[in-house]
Amino acid sequence: MAETSADSGEYQPGVCNIGTAERQRRRRTGHLGSLAGVALLVAVGGLGLPPYYGLASTVFFIAGAVGYLQDRYQFCAYYGQRGEYNLGGLDQRPETVTDEAARRRDRQRSREIYAYSLVAGLGVGLLGTGILYLL
């Protein structure tokens, strides 16, 4: 299946279910989650807390990865799970996907985003915690 851009303005099952405004929101979530994870690691190190406290940063890094991947893939995992899409502005309600095959493709893409985010967030959180042990 060829992936195309959200700029086409069309919903594409498993490929594109959000527009520019929604993507910007997801990117901000990525920034906030990542910054919160880094801030937690810095606080743990700066306060001299046990390094394993840094493991809590994985939650923030996972959230950040979800945001970044949704932006990158032009696809909201939550909408995909619910069978919805929104290519309009943030003030618009999501529309419903009625085709069952399209809903299956959307759910599959949602699971991929969540799985990739879990791996990425755990990896970064564990790396950060490992660095705390070395300090």
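The values are calculated or read from the model by the stated rules, or taken from the named source; none is laboratory data. Please read all numbers here as calculations on a predicted model, not as lab measurements. Ideal geometry is used to build each Cβ from the backbone, glycine not excepted, and the neighbour counts take in all protein chains shown.
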Exercise. What tally of residues in region 75-122 results from selecting those that are in a helix (DSSP H, G or I), within 14 Å of the chain's Cα centre (by Cα) and not acidic (Asp, Glu)?
Worked result: 18
Exercise. Among the residues of region 65-87, is any loosely packed, with under 14 Cβ neighbours inside 10 Å, on the phi > 0 side of the Ramachandran plot and at pLDDT 95 or above?
Worked result: no
For this session: Might you check whether a residue that is crowded, with 21+ Cβ neighbours inside 10 Å, among the aromatic types (Phe, Trp, Tyr), more than 15 Å from the chain's Cα centre (by Cα) and over 20 Å from Gly130 (Cβ atoms) occurs anywhere in region 7-14?
Result: no
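Here is a yes/no grid of residues against (1) touching a strand residue (DSSP E or B) at 6+ places or on another chain (Cβ under 7 Å); (2) over 30 Å from Gly45 (Cβ atoms); (3) not aliphatic (A, V, I, L, M):
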{"position": "Gly88", "(1), (2), (3)": "no, yes, yes"}
{"position": "Val97", "(1), (2), (3)": "yes, yes, no"}
{"position": "Glu100", "(1), (2), (3)": "no, yes, yes"}
{"position": "Asp106", "(1), (2), (3)": "no, yes, yes"}
{"position": "Val124", "(1), (2), (3)": "no, no, no"}
{"position": "Gly130", "(1), (2), (3)": "no, no, yes"}
{"position": "Leu135", "(1), (2), (3)": "no, no, no"}
Exercise. Do we have any residue at all in region 42-49 that's crowded, with 19+ Cβ neighbours inside 10 Å and under 20 Å from Leu127 (Cβ atoms)?
Worked result: yes
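Only residues that are surrounded by 19 or more Cβ atoms within 10 Å (Cβ to Cβ) and either in contact with a helix residue (DSSP H, G or I) (Cβ under 7 Å, 6 or more places away or on another chain) or within 21 Å of Gln24 (Cα to Cα) (or both): list them for region 93-103, please. Let's see the steps before the verdict.
Restricting attention to region 93-103, the residues satisfying the condition of being surrounded by 19 or more Cβ atoms within 10 Å (Cβ to Cβ) are 97, 103.
Of everything in region 93-103, just one residue is surrounded by 19 or more Cβ atoms within 10 Å (Cβ to Cβ) and either in contact with a helix residue (DSSP H, G or I) (Cβ under 7 Å, 6 or more places away or on another chain) or within 21 Å of Gln24 (Cα to Cα) (or both), namely Val97.
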For this session: Collect the residues in region 38-92 that are in contact with a helix residue (DSSP H, G or I) (Cβ under 6 Å, 6 or more places away or on another chain), more than 23 Å from Arg25 (Cβ to Cβ) and β-branched (Val, Ile, Thr), keeping them in residue-number order.
Result: Val44
Exercise. Which pairs have Cβ atoms under 9 Å, sit 6 or more apart or on different chains, and link a residue in region 8-35 that is modelled with pLDDT under 95 to one that is among the polar types (S, T, N, Q) and surrounded by fewer than 21 Cβ atoms within 10 Å (Cβ to Cβ)?
Worked result: Glu10/Thr4
